[in-house]
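Notes follow the structure.
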Amino acid sequence: MIIITSTISLAEDEIEEHFVRSPGPGGQNVNKVETAVQLRFNAKASPNIPEFVFYRLVTLAGRRMTKDGVIVLNARQYRSQERNRADALERLVELIRAATVMPKKRRPTRPTLGSKKRRMETKQRRGSVKKLRGKVSERD
């Protein structure tokens, strides 16, 4: 059982892990050992994910989520399979935790009277500077 929050937890059989060969440094070992982890979690079919969390997950996961609602995370930062598994699982947990937090609703604000006056004064100042840049007459 993987605990996300006090109300959300995932069963371990909901998460699929596939191991693939990792690109990058590693010497001769990189050609023999499959250390990179591809973690798959079907958020749409999961009974433990509430609907509002799933819709937030869709926006937060972005291109890491397929059209079928499956989150795919690739972890290949480390040279050992265990550390990559832990990294992928931690990233999934953090993603779901972030989806549980509801964003604050933006309350529109109005500009203060002082800021309006300052804006108008600077506009007038710039306008007068530009007015002085007019063509010089031949009489001067």
Query raised in the report: When the residues of segment 58-94 are filtered to those that are hydroxyl-bearing (S, T, Y) and more than 19 Å from P23 (Cβ to Cβ), which remaining residue is nearest to the chain's Cα centre (by Cα)?
Result: T59
Report task. Among the residues of segment 41-70, count how many are loosely packed, with under 15 Cβ neighbours inside 10 Å and either on the phi > 0 side of the Ramachandran plot or of a type in the set (S, T, N, Q) (or both). Result -> 3
Report task. Test each condition in (1) surrounded by fewer than 14 Cβ atoms within 10 Å (Cβ to Cβ); (2) under 22 Å from M1 (Cα atoms); (3) in contact with a Lys or Arg (Cβ under 7 Å, 6 or more places away or on another chain) for L73 and report the one that comes out false. Result -> (1)
Query raised in the report: In segment 92-122, how many residues are of a type outside the set (A, V, I, L, M), under 20 Å from I71 (Cβ atoms) and either touching a helix residue (DSSP H, G or I) at 6+ places or on another chain (Cβ under 6 Å) or modelled with pLDDT of 95 or more (or both)?
Result: 1
Query raised in the report: Are any residues in segment 34-62 more than 12 Å from A98 (Cα to Cα) and among the basic types (K, R), and if so, which ones?
Result: R40, K44
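The values are calculated or read from the model by the stated rules, or taken from the named source; none is laboratory data. As the structure is a computational prediction, the values presented were derived from the model and not from experiment. Cβ coordinates were reconstructed from backbone atoms using ideal geometry, including for glycine residues, and neighbour counts include every protein chain displayed.
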